[in-house]
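Note sheet for the following structure.
The values are calculated or read from the model by the stated rules, or taken from the named source; none is laboratory data. On a predicted model such as this, the values are computed, not experimentally measured, just so you know. Neighbour counts run over all protein chains shown; Cβ positions are idealised from the backbone, glycine included. Accessible surface is based on the protein model in full, side chains and every heavy atom, while ligands, DNA and RNA are left aside. Shrake-Rupley method; radii C 1.70, N 1.55, O 1.52, S 1.80 Å.
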Amino acid sequence: MSSSFQGRAFDRQQRILSYVRSEGRAVVSEIADLFAISPATLRRDLRALETQRLIVRSYGVFYPTDIGRYETPVDYRHKARTEERLAIAEAAVALMVDVGTVFLDEGALPEDLVGPMRRLQRMTVVTRSLTVAAELGRQTDHDVIIVGGRLRPATMGTVDRWATVMLGELNVDLAFMGANGVSIDRGLTTPDPSVAQAKTAAMQAARQSVLLCEHTRFGVSSFTKFADVGQLTWVITGKQLSRASAQRYGAAGPRVLRV
């Protein structure tokens with residue numbers, strides 16, 4: 001295969017990847033029409049991107065993965081509220097019954113918990129997310145504690161020393177965590193080291209930790225590890241994760257709920 005052909009394929013694949021990342025998802029017909037390439041060429045390009053774990057396919061739809069230092073734009077995460085995410089949120093809130101204190105991580109999935117939490121008795125909620133804190137204050141009567149630190153605009157979460165020191169002084173019953181990638185070998189990962197430090201501190205402050213994770217995050221490794229799978233008490237994800245995969249992750253320690 002000539003170097004010029006390989007170069008054209010690489011450039012085309014990068015354009016396809018940029019499109020999937022900008023849209024947050026894509027179906028084959030959209031990509032084929034946009035780039036005017038043959039079905040055979042498109043299949044090769046998509047397989048190449050999947051092999052590199054830059055995208056993941058689920059039920060005919062392709063999604064970008066938060067691999068390396070790449071992070072899905074926060075605007076997309078807010079608007080992409082799927083049935084899977086809503087089911088995960090309901091299952092997570094069910095674990096909060098009779099709980100006095102919880103930590104809610106930054107990210108789209110923890111934000112989905114706010115609405116269902118209106119049904120719960122009053123509790124104390126700790127969060128690094130300004131978005132979560134604002135919505136809890138607006139929609140519920142829970143006591144909200146905002147963790148201080150440097151604001152990270154990408155997720156509207158606080159990080160760095162002030163955040164980790166404050167979390168180190170707290171004890172919460174349950175921590176509801178998000179991750180950009182999760183694998184048995186590489187653990188729970190996120191693109192930004194400062195976020196990883198804050199997530200580690202939050203898990204250390206909690207008696208039990210719950211990972212809220214869409215099925216497309218499994219098998220993906222982002223840049224920085226913040227915990228091992230075995231440190232989790234629960235994993236809540238969608239039924240799209242296969243039973244076999246759920247059993248493998250469950251064997252590492254946590255109870256895996258497919259909802």
If residue 199 meets every condition in (1) touching a Gly at 6+ places or on another chain (Cβ under 9 Å); (2) farther than 15 Å from residue 96 by Cβ; (3) open to solvent by 10 Å² or more (accessible area, probe 1.4 Å) apart from one, which number is that one?
(3)
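Out of the residues in segment 148-177 that are within 18 Å of residue 212 (Cβ to Cβ) and either in a loop (DSSP other than H, G, I, E, B) or aromatic (Phe, Trp, Tyr) (or both), state the one that is modelled with the lowest pLDDT.
So the residue we want is 155.
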So which pairs qualify, if the first residue must be in segment 85-99 and farther than 11 Å from residue 176 by Cα and charged (D, E, K, R), the second must be part of a helix (DSSP H, G or I) and open to solvent by less than 20 Å² (accessible area, probe 1.4 Å), the Cβ gap must be under 8 Å, and the two must be at least 6 apart or on different chains?
85/108; 85/109; 85/112; 90/116
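With respect to residue 53, determine if the residue is at pLDDT below 80 and either open to solvent by 10 Å² or more (accessible area, probe 1.4 Å) or out of contact with any strand residue (DSSP E or B) (no Cβ under 8 Å at 6 or more places or on another chain) (or both). Reasoning before the result, please.
Details: at pLDDT below 80: yes; either open to solvent by 10 Å² or more (accessible area, probe 1.4 Å) or out of contact with any strand residue (DSSP E or B) (no Cβ under 8 Å at 6 or more places or on another chain) (or both): yes.
Criteria met by residue 53.
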Could you identify the single residue in 104, 130, 113 that is surrounded by fewer than 19 Cβ atoms within 10 Å (Cβ to Cβ) and at pLDDT 95 or above?
130
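State whether the residues of segment 129-137 include one that is touching a Gly at 6+ places or on another chain (Cβ under 6 Å) and part of a strand (DSSP E or B).
Within segment 129-137, one or more residues are touching a Gly at 6+ places or on another chain (Cβ under 6 Å) and part of a strand (DSSP E or B).
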Checked pairs for segment 136-151, first open to solvent by 60 Å² or more (accessible area, probe 1.4 Å), second in a helix (DSSP H, G or I), C-beta under 6 Å and 6 or more apart or across chains, list as 146/133
Tell me yes or no: at least one residue of segment 182-197 is assigned to a helix (DSSP H, G or I), under 27 Å from residue 162 (Cα atoms), of a type in the set (Gly, Ala, Ser) and within 15 Å of the chain's Cα centre (by Cα).
yes
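Could you check segment 13-34 and list, in sequence order, the residues that are within 29 Å of residue 155 (Cα to Cα), in a helix (DSSP H, G or I), open to solvent by 40 Å² or more (accessible area, probe 1.4 Å) and not acidic (Asp, Glu)? Before the answer, list the steps.
Of segment 13-34, the ones within 29 Å of residue 155 (Cα to Cα) are 13-27, 30-31.
From the residues that got through so far, the ones that are in a helix (DSSP H, G or I) too are 13-23, 30-31.
Narrowing the set further to residues that are open to solvent by 40 Å² or more (accessible area, probe 1.4 Å) leaves 14-15, 18-19, 21-23, 30.
Answer for segment 13-34, where residues must be within 29 Å of residue 155 (Cα to Cα), in a helix (DSSP H, G or I), open to solvent by 40 Å² or more (accessible area, probe 1.4 Å) and not acidic (Asp, Glu): 14, 15, 18, 19, 21, 22.
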Consider residue 154 against the criteria (1) closer than 30 Å to residue 62 by Cβ; (2) in contact with a Lys or Arg (Cβ under 7 Å, 6 or more places away or on another chain): it satisfies all of them except one. Which criterion is unmet?
(2)
Got a sec? Which strands (runs of 3 or more DSSP E) wholly within segment 203-259 have at least 3 residues that are open to solvent by less than 30 Å² (accessible area, probe 1.4 Å) and under 16 Å from residue 179 (Cα atoms)?
206-212, 224-227, 234-237
Give me a count of the residues in segment 35-48 that are open to solvent by 70 Å² or more (accessible area, probe 1.4 Å) and either in contact with a strand residue (DSSP E or B) (Cβ under 9 Å, 6 or more places away or on another chain) or in a loop (DSSP other than H, G, I, E, B) (or both).
1
Extreme residue, modelled with the highest pLDDT, among residues of segment 1-12 that are more than 31 Å from the chain's Cα centre (by Cα) and in a helix (DSSP H, G or I)
8
Taking residue 167 as meeting all but one of (1) in contact with a Leu (Cβ under 9 Å, 6 or more places away or on another chain); (2) open to solvent by less than 10 Å² (accessible area, probe 1.4 Å), write down the number of the exception.
(1)
